[in-house]
Amino acid sequence: MAMGSVSDTLWDVVICGTGLQQSLLALSLSRSGKNILHIDPNDYYGGAEAAFNLQEAESWVDRLATEDKGFFRSASITKPDVAGLSFPRAYSLALAPQLIHARSELLSQLVSSRAYRQVEFLAVGSFYIFKAPSGPEQQPSLVRIPSTREDVFSTTAISAKAKRGLMKFLKFVLDYDRLEQRDVWKTFAGRPLVDFLQEHFKMDAELKTYIITLTLSLDGKITTEDGLSTIYRHLTSMGHFGPGFAALYPKWGGISEVAQVACRAGAVGGAVYMLGAGIKSMATATDEVELELTSGDMVKTKLLVRGNESVGDGPSISRLVAVVGVLYLTTMATSNSKEVLSRALESFLSAMDHDQVPQCLYQLYYEQAAGVKQSRLDELTIDLPGPSLSLSMDDLLLKHVREAWKKVASDTADDAEYMIFTDREPVDDDDELE
Amino acid sequence: MADTNAPKPSSSVKLVLLGEAAVGKSSLVLRFVNNDFQENKEPTIGAAFLTQKCNLPTRTIKFEIWDTAGQERFASLAPMYYRNAQAALVVYDLTKPTSLIKAKHWVAELQRQASPGIVIALVGNKLDLTSDSAGTAEVSGDGDDNAEDSGDARKISTEEAKTYAEEEGLLFFETSAKTGHNVTEVFTAIANAIPETSLKSARGPGASHAGVSRTEEQRVNLNGPRDSHAKEGCAC
């Protein structure tokens, strides 16, 4: 890429938006030799998966009050009158605080593309359930969900009978996809997992709650087929990158970190980055698209890839980000989900330490509508699906990125080499641990 | 010294490069890391970061030098670029006044975004284009220069930049990536200025053989099996 104006080049592809999918596309094309212009209407990276410090969160909320920001609505910030908040840049609040299971394809791609070196991951140990006090003398508590054989043996939280039931179930899930096993759950496939647990495994209410929680389903209505595959992923992820954890979380800013690192890889590969530049208008000719950017530049490209900004027909979520450390609470959006989340936060804090309940210093609340789940590939434009609302990384999104990559790089790309890169510089093994 | 063969403690330092396009950021690093210079170099493509060791009398600093990869061009550097940076090199072209304005902007940005305590060096590059290009300019000296001499492309006096650097508490050097003048000195000065206390987990001898060593209990290393080819040697 020469140093001329962005208008002088006929781009192979213009990517609009720096959310996870567009950023991964930039990463996947970073060794393709294509001329890539990567723009974002926002002045920050990450789109719907961005991470904000407190100051940025405030501007975001202010902007949402006056302009339509697609998926987001009802955003507000509450600052309880308590001392202890550090400076605004000390915090990074993620709009997409997704867990990434160790067996997620995303991690394989980050490793094979060598982009993982710049992301710091934290291990997510166990999953817990809040247990309300059972009597006036009792305290609320957090109960760990046993999800390995060892866990089940050693737990004192459930009865011996429940242990046997749970063990039987975990064993079942580990090869649920085998032909003989499929016959067992086939008739339940599209029905709620709860029904299958009830009718086939005769689980009691408590055990069912444990299992449904492991699926991270927000409404608890996950189907048997999806539920089994999710629990399978959980069980096989356990111990994959080290003992005692099944999932990871990108330190600092959740999925935003992955997006930023992927964009950097794009830039290192020669892509040109412009924040604060969205598409004001577009005109299509036979074999190119002409774009007028909000920055004033006119650019021409052979292909335009953008995120589908339309609201889909899936349910919305409500999210509360609470600064006590940083806690993320999510539920299905309803008329009173804001109160539900506030009460959940209070309950959670009271269970953390009965004597000295931690204080919440800052709260960001918002609702997020579901996006469109399908991508659309036309001759000159590709619309990637909207952002995922699930609590853990949804590998289906990666499929759409790969399709887009194929379309952009079909002339030169070898599908078997997708996202497989060598390190650009020699690296010492001992040096990346800092 | 009792035992000169005993390995010194070694620590990694993330250093970020900042400055207007074409002031010679990558050239400075190339000179420092490979002792090389390329005339009419294309804008940076393909370098994520480079590493180079700097041997001080009591310790070894291993610089992990992050290039902007052109993301500075439209002010599009991501927060992850500044994160955990312990040092920054802010470069301007001393034949181009706007580049110092831009450098001041980056210094302000670092003071806003980067970790408190980051060591910042302000570097005026392309000294070879000035009349004091014989490599004799003593930056640490009294600072008077001959900017008005004929055949001198200098547009920013040493005094002006130096005064600014002192006000902001920055290290200050004038360099030539082309001749190599003062380049190693910049990195050595930065290495010396990084307080011992801010160096994380200084690894002594043998630490690299410890296998899976996580600095924090819950930090995860996705590192798969692969070749390791350590880059040795030092320009300091």
Show which lysines lie in cross-link reach of A:Lys407 when reach means a straight Cα distance below 25 angstrom and same-chain residues fewer than eight apart are skipped.
A:Lys34, A:Lys280, A:Lys300, A:Lys302, A:Lys373, A:Lys399
The lysines whose Cα lies under 19 Å from the Cα of A:Lys131, excluding any fewer than 8 residues away in the same chain, are A:Lys163, A:Lys208
In nm, spacing of pseudo-spin labels at A:Phe421 and B:Thr197 (7 Å Cα→C-beta vector)
3.9
With +1 on each Lys and Arg Cβ and -1 on each Asp and Glu Cβ, how big is the dipole of the stretch A:126-244 about its Cα centre, in debye rounded to the nearest 20?
220
What residues qualify as long-range amide H neighbours of A:Lys131, i.e. H under 5 Å apart, gap of 5 or more or another chain, H built at 1.01 Å from N?
A:Ser141, A:Leu142, A:Val143
Could you point to the residue in A:Ser7, A:Phe127, A:Phe52 farthest towards the positive end of chain A's charge dipole, with +1 and -1 charges on the Cβ of Lys/Arg and Asp/Glu respectively?
A:Phe127
For the stretch A:84-101, Karplus couplings with θ = phi - 60° (6.51, -1.76, 1.60), whole Hz, Gly/Pro x
x, 6, 7, 5, x, 7, 6, 10, 9, 9, 8, 6, 10, x, 7, 7, 10, 5
Using Cα-Cα distances under 8 Å and only pairs 6 or more residues apart, what relative contact order does chain A have, in percent?
28
Need one value for B:77-89: mean number of C-beta atoms belonging to other chains within 10 Å of its residues' C-beta atoms.
5
Per residue, how many Å² of accessible area does the stretch A:126-244 show with a 1.4 Å probe?
55
Skip the ligands, DNA and RNA, and give the accessible area per residue of the stretch A:56-112 with a 1.4 Å probe, whole Å².
48
At R0 = 60 Å the Cβ-Cβ FRET efficiency linking A:Ala160 and A:Val311, nearest 0.05, sits at 0.75
Qualifying lysines (Cα of each under 16 Å from Cα of A:Lys338; at least 8 residues distant if same chain):
A:Lys79
Carbon + sulfur, % of accessible area of chain A - ligands and nucleic acids excluded, 1.4 Å:
50
Accessible area buried at the A-B interface, both sides summed, 1.4 Å probe (Å², nearest 100):
4500
Restricting to chain A, compute how many DSSP beta bridges are antiparallel as a %, nearest 5.
70
Once amide H atoms are placed 1.01 Å from N in the peptide plane, what residues at a sequence separation of 5 or more from B:Val13, or on another chain, have their amide H within under 5 Å of its amide H?
B:Lys62, B:Phe63, B:Glu64
At 7 Å along the Cα-to-beta-carbon direction for both A:Phe201 and A:Lys373, put a label point, then send me their distance in nm to one decimal.
2.4
Would you please give the FRET efficiency between A:Lys406 and A:Thr187, computed as 1/(1 + (r/R0)^6) with r the Cβ-Cβ distance and R0 = 41 Å, to the nearest 0.05?
0.65
Each residue of the stretch B:119-131 in turn: what ³J(HN,Hα) in whole Hz from Karplus with 6.51, -1.76, 1.60 and θ = phi - 60°, glycine and Pro shown as x?
8, 10, 10, 8, 10, x, 9, 6, 4, 5, 8, 9, 6
In Hz, Karplus ³J(HN,Hα) per residue of the stretch B:78-86 (6.51, -1.76, 1.60; θ = phi - 60°; x = Gly, Pro):
7, x, 5, 5, 7, 4, 6, 6, 9
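The values are calculated or read from the model by the stated rules, or taken from the named source; none is laboratory data. A quick note: this is a predicted structure, and the numbers were derived from the prediction, not measured. A quick note on method: Cβ atoms are made from the backbone with ideal geometry, for glycine too, and the neighbour counts reach across all protein chains shown. Surface accessibility is based on the protein's heavy atoms, side chains included, excluding ligands, DNA and RNA. Shrake-Rupley method; radii C 1.70, N 1.55, O 1.52, S 1.80 Å.
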